[in-house]
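Novice: This is the structure, below, for whatever I ask next.
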Amino acid sequence: MQIRPARLPDLPALAALARHTYRSAYGHEMRPEALEAHLRLQLSDEQVARMFRHDLFLLAEVEGELAGFVQVGSVRPEDRSEDGRVQFGEGDREVRRLYVLEKWQGREVGSRLMKAALNGVPSGGRVFLTVWHTNLGAQRFYARFGFTRIGTVPFPPPDEGFDLLLCRPGGDS
């Protein structure tokens, strides 16, 4: 397995993987029109290209195949929990996405991507992420890396539901 930063030519395949894994993970929980709207607004080729300008994307390749990716960036000030605004520090980061194709899940791809993402966090910086409230497997995975729930974040309409806001305390990775 190789973990490497994404390059511009990788973006179409990365966006396709993002849409595929999102559809597989959440398609059964969302109304079809809500799913398609989310994929179009958040994971289109154009949107992924915009995110690539300011975020780090690390790719996992196994046997020459793109198996998954993690997207990491600085915390956005508009991110908030229902309990009020979380105060973010300059060294804080957000894991925005960690997606792994089904056939590679349970084979250390996600763990290797998370470790690589955490290695890039400045000393003392906290790491935040959100996870869908019903995604218990992902919640267990993040707990193994020291993430704990600190709040909830409503999911944007037209969906009903919420994400859990998780935080990993600062310290050396």
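What follows is calculated from the coordinates using simple rules that are stated; it is not laboratory data. All values reported here derive from a predicted model rather than from experimental measurement. We place every Cβ from the backbone using ideal geometry, glycine too, and count neighbours over all the protein chains shown.
Novice: Quick one: dipole size for the chain, taken about the Cα centre, charges +1 on Lys/Arg Cβ and -1 on Asp/Glu Cβ, in debye to the nearest 20.
Specialist: The dipole magnitude comes to about 380 debye.
Novice: Right, another one. Lys/Arg Cβ at +1, Asp/Glu Cβ at -1, dipole of segment 1-45 taken about the Cα centre: which of 37, 20, 9 is farthest positive-ward?
Specialist: 9
Novice: Sticking with this one: Can you list residues from other chains, or at least 5 along the same chain, whose modelled amide H is less than 5 Å from the amide H of residue 161?
Specialist: Those qualifying (amide H under 5 Å, at least 5 residues apart or on another chain) are 155.
Novice: Karplus couplings for segment 97-103 from phi (6.51 cos²θ - 1.76 cosθ + 1.60, θ = phi - 60°), rounded to Hz, Gly and Pro as x?
Specialist: 8, 9, 10, 10, 4, 3, 5
Novice: Positive end of the charge dipole of segment 39-154 (Lys, Arg +1 and Asp, Glu -1 on Cβ, about the Cα centre): tell me which of 109, 66, 139 has its Cα farthest that way.
Specialist: Farthest along the dipole direction, towards plus: 139.
Novice: Here's something else I'd like to know. Amide H to amide H under 5 Å from residue 127: which residues, 5+ apart in sequence or cross-chain, H placed 1.01 Å off N in plane?
Specialist: 93, 168
Novice: Which longest run of the chain has no exposed loop site in it, a site being GluC sites (Glu not before Pro) in a DSSP loop with at most 16 other beta carbons within 10 Å, and the site itself not part of the run?
Specialist: 109-159
Novice: How big is segment 2-168 in terms of Cα radius of gyration and Dmax, in angstroms?
Specialist: For segment 2-168, the Cα-based Rg and Dmax read 15.2, 45 Å.
Novice: May I pose another question? What number, rounded to the nearest 500 deg cm²/dmol, is the helix-based mean residue ellipticity at 222 nm of the chain, given -39500 (n - 2.57) per DSSP H run of at least four residues and division by all its residues? If you can, show how the numbers build up before the last one.
Specialist: On the way: 5 runs with 55 residues, N = 173.
That comes out to -9500 deg cm²/dmol.
Novice: With an 8 Å cut-off on Cα pairs and a minimum separation of 6 or more residues, tell me the relative contact order of the chain in percent.
Specialist: 21
Novice: Taking 0.36 nm per residue of sequence separation and subtracting the Cα-Cα distance, how much length would be gained by fully extending the chain between residue 29 and residue 139, in nm to one decimal?
Specialist: Stretched out fully, the residue 29 to residue 139 stretch lengthens by 37.9 nm.
Novice: Which loop chymotrypsin sites (Phe, Trp or Tyr not before Pro) in segment 1-73, with loop taken from DSSP, have no more than 15 other Cβ atoms within 10 angstrom of their Cβ?
Specialist: Answer by residue number: there is no such site.
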